[in-house]
1. Take the conditions over 16 Å from residue 157 (Cβ atoms), surrounded by fewer than 16 Cβ atoms within 10 Å (Cβ to Cβ) and in contact with a helix residue (DSSP H, G or I) (Cβ under 8 Å, 6 or more places away or on another chain) and apply them to residue 68. Does it pass?
2. Anything in the range 211-265 that is under 10 Å from the mean Cα position of the chain (by Cα) and closer than 23 Å to residue 198 by Cβ? List them, or say none.
3. Cβ-Cβ below 6 Å, separation at least six or inter-chain, first residue in the range 250-264 and at positive phi and buried (at least 22 other Cβ atoms within 10 Å of the Cβ), second at pLDDT 90 or above and part of a loop (DSSP other than H, G, I, E, B): which pairs?
4. Just need a number here: residues in the range 172-190 that are surrounded by fewer than 17 Cβ atoms within 10 Å (Cβ to Cβ) and under 13 Å from residue 121 (Cα atoms).
5. Taking the range 316-349, which residues are over 19 Å from the mean Cα position of the chain (by Cα) and crowded, with 16+ Cβ neighbours inside 10 Å?
6. Conditions: (1) surrounded by 14 or more Cβ atoms within 10 Å (Cβ to Cβ); (2) over 22 Å from residue 203 (Cβ atoms); (3) within 22 Å of the chain's Cα centre (by Cα). Residue 293 meets all but one. Number of the miss?
7. Take the residues in the range 296-307 that are crowded, with 21+ Cβ neighbours inside 10 Å and closer than 17 Å to residue 200 by Cα, then tell me which one is nearest to the chain's Cα centre (by Cα).
8. Being over 21 Å from residue 148 (Cβ atoms), under 19 Å from the mean Cα position of the chain (by Cα) and in a helix (DSSP H, G or I) is the filter here; which residues of the range 71-92 pass it?
């Protein structure tokens, strides 16, 4: 049995929520029976999309590689984690905007992780800000051009929708900054995949969590939150940062095996293994996938990441009281549920 399997984590509850906080009932329980896991996955599979979102997903499927379950999972996650401060009349529109941003980000991320094509990645990134980039698309052909044109269309759609929100002009610079952080994470991913020897936990933790787009999506929410006090942005963004790290950890625990098969070694699981010297850069370059997976299973990396998840959760919980204009407790609860969704979906995304 894999040491990162959901079943292993379920049976070793102390890894997840042990100690005084758990005893006091302050932390959530992830004690889920196999029937619970199956029920949650089946619930995700029943999620339906709006007509507009379904059309975008169908367009994505003409060029992208991810299955429909991922988008159902993402929609459930986006609904959970949308800030309670969002204007109720805008909530569904904001949720759909963030889903489109995930489609956009996934297309670019897959260039770095699966295609590992530097020229194509730089073109995709430039489509978001270089006014001449769209003209240069004429120089591309075939599948690569179709793929890049899809990225360009999604980028225009996301920003056009954001521009309609009541506080867009106030928060535009923050939104664009957060988007650039996500794109930079993808550049870092390609750098690591081309040169595994540079991978380390410090840089992974600095750059890679941004590919979750959680801080960007929080900024989208704030653009549609008329009553949020801008004076509390700094503290709120600390909370969003911890949430992003929690989301990244759930993602790593869920997808590392697929990433081995894809020869995508940008995950913190691999950085941690290199730091512990249970794997070397040469192993990542040349060892067969099954050997790398066997080493990681034996290394039992999950305890490290669960402890880290707990630390971010505790810090997030401690900071919520410092934001007075909006009760962010539901946001914390959403990320407690999000890791359950991650662990239930292992091997499906």
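1. Judged against the criteria, residue 68 is a match.
2. Of everything in the range 211-265, those that are under 10 Å from the mean Cα position of the chain (by Cα) and closer than 23 Å to residue 198 by Cβ turn out to be 211, 212, 244, 245, 248, 249, 251, 252.
3. Close Cβ pairs satisfying both conditions: none exist.
4. Residues in the range 172-190 being surrounded by fewer than 17 Cβ atoms within 10 Å (Cβ to Cβ) and under 13 Å from residue 121 (Cα atoms): 2 in total.
5. Across the range 316-349, the qualifying residues are 317, 319, 320, 323, 326, 328.
6. That leaves (3) as the condition not met.
7. The qualifying residue nearest to the chain's Cα centre (by Cα) is 301.
8. Correct list: 72, 73, 74, 75, 76, 77, 78, 79, 80, 81.
The values are calculated or read from the model by the stated rules, or taken from the named source; none is laboratory data. Everything numeric here is computed off the predicted structure, so don't read it as measured data. Using ideal geometry, Cβ is built from the backbone for each residue, glycine included, and neighbour counts are taken over all protein chains shown.
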